[in-house]
1. Find out how many positive minus negative residues lie around residue A:291, taking Lys and Arg as positive, Asp and Glu as negative, among other residues whose Cβ is under 14 Å from that of residue A:291.
2. Amide H neighbours of residue A:95 under 5 Å, counting only residues 5+ apart in sequence or on other chains, H built in-plane at 1.01 Å?
3. For the stretch B:216-226, in order, what is each residue's ³J(HN,Hα) by Karplus, 6.51 cos²θ - 1.76 cosθ + 1.60 with θ = phi - 60°, in whole Hz (x at glycine and Pro)?
4. To the nearest 0.05, how large is the calculated FRET efficiency for residue B:46 and residue B:211 if R₀ is 41 Å and r is the Cβ-Cβ distance?
5. List residues of the stretch A:7-24, by number, whose backbone nitrogen lies under 16 Å from a label position 7 Å along Cα→C-beta of residue A:70.
6. Please report the equivalent ellipsoid semi-axes of the stretch B:134-309, computed as sqrt(5 x eigenvalue) of the Cα gyration tensor, largest first, in whole Å.
7. Round to the nearest 0.05 the FRET efficiency obtained for residue B:291 and residue B:7 when R0 = 25 Å and r is the Cβ-Cβ distance.
8. Apply the Karplus curve 6.51 cos²θ - 1.76 cosθ + 1.60, θ = phi - 60°, to the phi angles in the stretch B:242-249 and return the couplings in whole Hz, x for Gly and Pro.
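The values are calculated or read from the model by the stated rules, or taken from the named source; none is laboratory data. Being a predicted model, the structure only gives us computed values, none of them experimental. All Cβ positions, glycine included, derive from the backbone under ideal geometry; neighbour counts span all protein chains shown. Areas reflect the complete protein model, heavy atoms only, side chains present, ligands, DNA and RNA absent. Shrake-Rupley method; radii C 1.70, N 1.55, O 1.52, S 1.80 Å.
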2 protein chains.
Amino acid sequence: MSKSANETGQAAAWFAVDWGTSHLRVWAMDAEDRVLTQIHSDKGMAGMAPDAYAPELLALAEPWLPSSGSVDAVICGMAGSRQGWIEAPYLEVPVAPSSSGMVRAETGDQRLKAQIVPGLCQKTPADVMRGEETQIAGYLRKNPGFDGYLCLPGTHSKWVNVSGGKVQSFVTVMTGEIFALLGKTSVLRHSVAESGWNEAEFEKGVRQSLDQPDRFIASLFAIRAEGLLANLGGEAARARLSGMIIGAELAASRSAWSDRPVVVIGEGALISIYQAALTVAGASAEAFSGDEATLSGLCAAYHFMKGTPS
Amino acid sequence: MSKSANETGQAAAWFAVDWGTSHLRVWAMDAEDRVLTQIHSDKGMAGMAPDAYAPELLALAEPWLPSSGSVDAVICGMAGSRQGWIEAPYLEVPVAPSSSGMVRAETGDQRLKAQIVPGLCQKTPADVMRGEETQIAGYLRKNPGFDGYLCLPGTHSKWVNVSGGKVQSFVTVMTGEIFALLGKTSVLRHSVAESGWNEAEFEKGVRQSLDQPDRFIASLFAIRAEGLLANLGGEAARARLSGMIIGAELAASRSAWSDRPVVVIGEGALISIYQAALTVAGASAEAFSGDEATLSGLCAAYHFMKGTPS
């Protein structure tokens, strides 16, 4: 946890909270949506009992709570899942994200009112998101007329079709999780290094999956075999595997990036990798900070709830 | 280990040995290639030091060793890998399997001479096999004129192009390993049961991957989402996931099964699953016992080595 001591004496006007599977981030905000402080904790949803959420949030917020009256905490992420603090039922697409459906969570302290932003769901094909809807809302707050696809890469990448201020549809690709499972747990681990990179091998992998997407599952073992037969190095193998998996993700989302604008929302290294992969595919994408998107989206949700201009 | 005590007093003429990653099987054979006894052990290659192989094999073979002279043990599988007993370098395709390249391993006991069958390799695309080459040789010993594909399903499925008595080319698909990783370790584990089956969901999964093979990686998360949104049951999810992965394997090997005979080599349940998947694809395959193929292939290797008719 970073320091949450309040040396300014200024109370927060509200709190923005991103409560994911493995992390908790709290921003104490002033009345003009400026960040007074940002507090990290590793108390993510994983392994937390429902009654542990309120004490954890209160402990972090305490130095910034007002001496009288109450303030709001607007929370996005897995805290709103069925296994979280309290379930905030999904909104079904097409829908404007972070615009309705917030669920009150009881903090047991009248100084702090907690509100959880709901995730989004799609019936056919079945899909869900929790947390990304806030990043999407945050991006749309800054780019209200956007019409195209938002790509949010990660453990479970999302490709989000946005039009008319709404999420029209989306798809989840288990890119990061599959990369970790294959590279660290499968037989390929004997050939794949835990870190390191080789840009040419990455591009080779992307191209291979884009050229023959139907052979993706049958092309993975070659990474092990090249390690045995052709001394493929561990860093090269790691980059090739990453390229093959991201290439398969791009092949599956070809209709998204082939004729509409794409913006990749995330942080530095991952954005660069996706931009490089899209370049191999003959496309391009702008970048937008994932942290900025989250905070902006929580602002949007807060002001929607208060009925104040965002 | 099953009993290896020799109650007949008859010595073995030779030993057939299948030494895989997680198991060891030894057949004591008579001079007419009849099985005197079969001995199992869990002393597979995984975790065994090179100097542990000889004592393990001798302990199992001891009751069947001759009182004078020496006999051969013909060994296939991972015991011949770089991490095994002694490396038996791969033979490069195209090649007749189990026909050359056997490597002597020192048992330290002059009554038993151990010979390890080499695996096969392919330079482009890079691929390797160890153990399956003996099953292929065993099938060809019974069906010498076979021209088509042999499918050996499993943790690492092999699709083997056979013509003119030789393995012309082959490809490994990490089907079983990917099924286990996704079903037991990934986020899908929350939706996928550890056992159970649903034939209609299996066929649905096969069809989905055959129809849209380029969307395979983007279709997996729906199993989790349907569990959350539509109460997809654990057994249905398990069968669907299996169908999707085997369907992706079939989509990748379409050129194999679409216009040439296919024989699936393996054991009961797995063969049935692959035959059902091929039926969904509008194809068909004959079945051949994996155990019979292994033993027959070790016979072929033994007689090749001795210069006697197989």
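1. -2
2. Hits under the 5 Å cutoff: A:167.
3. Result, ordered by residue: 3, 5, 8, 9, 5, 5, 4, 4, 5, 5, 5 Hz.
4. Working: r = 38 Å, r/R0 = 0.93.
Result of the calculation: an efficiency of 0.60.
5. From the stretch A:7-24, the list is A:13-15.
6. 34, 16, 12
7. Once rounded, the FRET efficiency stands at 0.60.
8. Using θ = phi - 60°, the values come out as 4, x, 4, 6, 5, x, 5, 4 Hz.
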